[in-house]
Amino acid sequence: MKTNKIFLSVVMLLMIMGAVSGRGFAQSDDKRDPPPMGRIGEPHDGMIDDINKTPQERATMRADKMKLDLLLTDDQYKSVYNVLVTEITASMKLRNEGTDRETMRSEMMRIHEDADDQMKGILTADQYKLYKKQMKDMMKKPGDHDNHRGPMEKPKDHD
């Protein structure tokens, strides 16, 4: 009997302390936005930055990276930039249409294949080989697109 009174006293004390602290046992009143989500529901810190960028800004970031990694000439850079703007714009439009998952997947594949075909015509054989390696490495970890930002091995020559 005495044990029950002590137990109830402890429970009451904890409830009073919780109420006095202003938070109690309820959820926080913190109205922060949830973290941005990566692919397949995984949080991804860098994604929030990409959401606010225009297709041109995204294309510039990717083209700049490719210029460093693949040693693009100025003409190649301009062509790559144009392909990327087209690819990114088409991808963003498709995402905003709200089509079903399977249709979106097949259309995205088509968009990326078209861009890849154009890249093959712009880049040298060595550059294209490194470009494909970079794309493959980037896709190894879904939702983690920061893993492709380090320098890659350099292509041989711009013949």
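A few remarks follow.
- Qualifying residue in region 54-62 (condition: over 16 Å from residue 138 (Cα atoms), more than 21 Å from the chain's Cα centre (by Cα), among the hydroxyl-bearing types (Ser, Thr, Tyr) and not in a helix (DSSP H, G or I)): no
- Considering residues of region 100-121 that are open to solvent by less than 50 Å² (accessible area, probe 1.4 Å) and under 20 Å from the mean Cα position of the chain (by Cα) only, the residue nearest to residue 135 (Cα to Cα): 116
- Residue within region 71-92 that is open to solvent by 50 Å² or more (accessible area, probe 1.4 Å), at pLDDT below 90 and either under 16 Å from residue 131 (Cβ atoms) or part of a helix (DSSP H, G or I) (or both) present: no
The values are calculated or read from the model by the stated rules, or taken from the named source; none is laboratory data. The structure displayed is predicted, hence computed values, not measured ones. A quick note on method: Cβ atoms are made from the backbone with ideal geometry, for glycine too, and the neighbour counts reach across all protein chains shown. SASA here: full protein model, heavy atoms, side chains in, ligands and nucleic acids out. Shrake-Rupley method; radii C 1.70, N 1.55, O 1.52, S 1.80 Å.
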